[in-house]
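Working notes, structure below.
The values are calculated or read from the model by the stated rules, or taken from the named source; none is laboratory data. Note that the coordinates shown come from a computational prediction; the quantities given were computed from them, not determined experimentally. Cβ: placed from backbone, ideal geometry, glycine included. Neighbour counts: every protein chain shown.
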Amino acid sequence: MHAARTPDDVLLVAGLREAAIPAEVTVHDLMTSNVVTVRPDTPLGEAARAMLARGVRSLPVTGANGEVLG
């Protein structure tokens, strides 16, 4: 999974700038479902174990109402 943070990051994904992406393909078609999140007060070790267990390099940090904080 590429950790894109800006539109330029997205275009850096190998070959994406030149790729012919069908108009009917949506973000929903490619998004991650069952996303694991952490809260700001999650101990770092717990977050690290969650990332290792799931083979991911980052976890969204969410607030009390589920809003993405970072």
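Can you run down the residue pairs with Cβ atoms below 9 Å, 6 or more apart or on separate chains, where the first is in the stretch 26-48 and more than 16 Å from E67 (Cβ to Cβ) and modelled with pLDDT of 95 or more and the partner is of a type in the set (V, I, T) and surrounded by 10 or more Cβ atoms within 10 Å (Cβ to Cβ)?
Listed by first residue and then by second, the contacts come to E46/V38; A47/V38; A47/V61.
Counting just the residues of the stretch 9-51 that are among the hydroxyl-bearing types (S, T, Y) and surrounded by fewer than 10 Cβ atoms within 10 Å (Cβ to Cβ), which one comes out nearest to the chain's Cα centre (by Cα)?
T32
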